[in-house]
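This report concerns only the one structure given below.
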Amino acid sequence: MLLVLGRRVSLSFVKRVIPQDPVLLSNPILQDFRTIKFRVIHSSTVFASATRQNTDTMPERRPFVRLPTDVYPVNYGLCLKPDLIDFTFEGKLEAIVKVNLATNQIVMNCADIDIITASFVPEGGEEINATGFNYQNEDEKVTLSFPSALQKGSGTLKIDFVGELNDKMKGFYRSKYATPAGEIRYAAVTQFEATDARRAFPCWDEPAIKATFDISLIVPKDRVALSNMNVIDRKPHPEDDSLLEVKFATTPIMSTYLVAFVIGEYDFVEGQSSDGVTVRVYTPTGKAEQGKFALEVAVKTLPFYNDYFNVPYPLPKIDLIAIADFAAGAMENWGLVTYRETALLIDPKNSCSSSRQWVALVVGHELAHQWFGNLVTMEWWTHLWLNEGFASWIEYLCVDHCFPDYDIWTQFVSADYTRALDLDALDNSHPIEVNVGHPSEVDEIFDAISYSKGASVIRMLHNYIGDKDFRKGMHSYLLKFQHRNAATEDLWDCLEQASGKPIALVMSSWTKQMGFPIIVVDQEQQGDDRILKISQKKFCASGPHNGEDCPNWMVPISICTGEDPGCTKLKVLLDSPETTITINNISPDQWVKINPGTVGFYRIQYSSAMLEGLLPGIRDLTLLPVDRLGLQNDLFSLLHKQADMQEEKNRIERVLGAISAPDLIQKVLTFALSCVTCACYFVR
């Protein structure tokens, strides 16, 4: 899922819209723009801060108990009949279940639903009616009681129920839209992640409890009905000829939070990927043209992931649909991906390049989840960071492949990477991987640190392993755990076996402790060799972090030189507080740069001599744009720490001035101004 307020969208504009260079900041136009931007973003920032403060003072939660596994589902046969006038729905559930242990109770998740009748039919036996429904509203559970024990084996659980099409944008809810003639109508749509499938039907609403689904929808015959799978039957409703019963194919085994259905009025554009998957983009009526760019992206994206993972997309179709009222940016429901309209639709006559890039990234993000998250799913919400961090990284890899002219990695550095460094340097940061007890904690814990830092450390891991071994490990992981659940450690194990490197040891230092290091570098020329003295210490925005409790990281270090700035000359793993590295056959006049490509999740503090040595590469532009941007961000973060060292401060400002070429000013201005409309929309 792609989150919006306070997370990926509004925060991503902070660094893109406000250039951090002192020379750029002196430009009066940019000073005015900073004021505009602050007014736009301020409300979101205050909201995010208030949320964090409330979290800090929140009383300790009582222990959370997951569902018992003495009865679990194999298949859900689900039929829903929404009423788009009275905003209610009726449902019938016939779930094939396995009874592992004889019991006279079945415990399920259920919220805002009234159960009318419930019964259990053991395989080859007689129907047993439930004698009571005990709702535990605080835990969003219901216990069905039976007069006698349900014996070990298979059976069918039958439940009739009713619910409300709510206006909370979660569960099974109503979405208001206007027809081309201006008439207000409503669609029935779903948003189940993290724990809202239980608001649409009684279920085992935990990611590790997977089952298949046979879904039927009874809908007005003039409405479009969609679900995860393709339609296999449409027939008139026997009791009302204004209704149709639409039946969908059986899904693969999947988690409840990925189930979806939509009933409404939509147009669509259709294409087919080169690997044979039917792709449709559904738009509001009369806006089919605005779905063509997303269709182009999706048709390119599916074969890319198919090839990258070497695992085919397992469904016969995928639909992308724009929802008028939608809380998140998008949601990766398997085979039916839902989006807020601005994250999917592009007006070909009135759209800026940044809007197209944003849509491409969101489509790439959600389609990545079709494999990483849907085919293989986290065992529990503690591992959600990996789902989202991975998708937030590979969306850029995908867009870079499909649209190489976007220079998308430079945007990654200016957005996710820089934002993550800034936030993770604060004293109130937190580790990427945080233990989740009650599922309601998910939205309180997962923020820009989890998404943007998660993406950044996955990017660093990919660079450390190398693309060939990374793909090999990903292929192994997806094959081993397909249609199952996995934990973070399972991925590390597959990547470790593929690469022969200590992945679990390296990555635990980045995911289980907050913060990141600053790498301090000095050099000495000895004949034809360059000796680098490298040390690490924790970087803190509030000041130096020293002492015995200073944490260490296992830091993948890459090095390039002026001889070939685009090529990594040396890679090492810094697994101690300090080390010495020798670069052979390098002349004294060649510059040396740490972290080419700005891939490592750390800041760098060069000695004065090394910093001065980089000036020629900055001025003649042989130092690549993404490296100049990374250097600029590092120097700016160090600038305020040099207040009592005027000479060093002047040196940093001189290098910053060299980086700030006129073409960069123009580029920043153009991009910033094009983002104003998007920023104003998302932060509302």
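Every number here is computed from the coordinates shown, using simple stated rules; none is lab data. This one's a predicted model, so the numbers in the text were calculated from it and none came from an experiment. Don't worry about glycine lacking a Cβ; one is built from the backbone with ideal geometry, like all the others, and counts go over all protein chains shown.
Figures for the structure shown
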{"item": "Efficiency of FRET from Cβ geometry, N166 and E239, R₀ 30 Å, rounded to 0.05", "result": "0.70"}
{"item": "Computed over segment 475-568: relative contact order in percent, which uses C-alpha pairs under 8 Å that are six or more apart", "result": "19 percent"}
{"item": "Residues N310 and D83, FRET efficiency given R0 of 51 Å [Cβ-Cβ distance, rounded to 0.05]", "result": "0.65"}
{"item": "Distance violations [Cα-Cα > 20 Å] among K472/K512; K176/K235; K512/K537; K81/K317; K453/K538", "result": "K472/K512; K176/K235; K81/K317"}
{"item": "Segment 72-263: Cα Rg divided by the 2.2 N^0.38 Å rule of thumb", "result": "1.04"}
{"item": "Packing-based order for 375-383, 579-587, using average beta carbon neighbours within 10 Å, highest first", "result": "375-383, 579-587"}
{"item": "Distance between modelled label sites at D528 and I253, nm, 7 Å Cα→Cβ extension", "result": "6.1 nm"}
{"item": "Förster-model FRET efficiency, 51 Å R0, N100 and K287, C-beta, rounded to 0.05", "result": "0.55"}
{"item": "Projected label distance in nm at D620 and D70, using a 7 Å step from Cα toward the beta-carbon", "result": "7.8 nm"}
{"item": "20 Å cut-off, amide nitrogen to a point 7 angstrom out along D575 Cα→Cβ, residues in segment 463-486", "result": "463-466, 469-470"}
{"item": "Additional length obtainable on full extension of the chain from D114 to N230, 0.36 nm per residue less Cα span", "result": "38.8 nm"}
{"item": "Options G500, W385, S429, ranked by Cα towards positive dipole end of segment 375-511, top entry (Cβ charges)", "result": "G500"}
{"item": "Most to least packed among 114-122, 178-186 [average Cβ atoms within 10 Å]", "result": "114-122, 178-186"}
{"item": "Span from the segment 255-274 Cα centroid across to the segment 371-385 one, whole angstrom", "result": "21 Å"}
{"item": "Inter-site label distance for H475 and D405 at 7 Å from Cα along Cβ, in nm", "result": "3.3 nm"}
{"item": "Nearby aspartates and glutamates by direct alpha-carbon distance to K92 (threshold 14 angstrom, same-chain neighbours under 8 apart not counted)", "result": "D114, D160, D214, E245"}
{"item": "Taking segment 57-216 and dividing mean pair separation by its residue count, relative contact order in percent (alpha carbons under 8 Å, at least six apart)", "result": "28 percent"}
{"item": "Contour excess over end-to-end distance, with Cα ends at E612 and L505 and 0.36 nm allotted per residue", "result": "34.9 nm"}
{"item": "Antiparallel DSSP beta bridges within segment 72-263, percent to nearest 5", "result": "90 percent"}
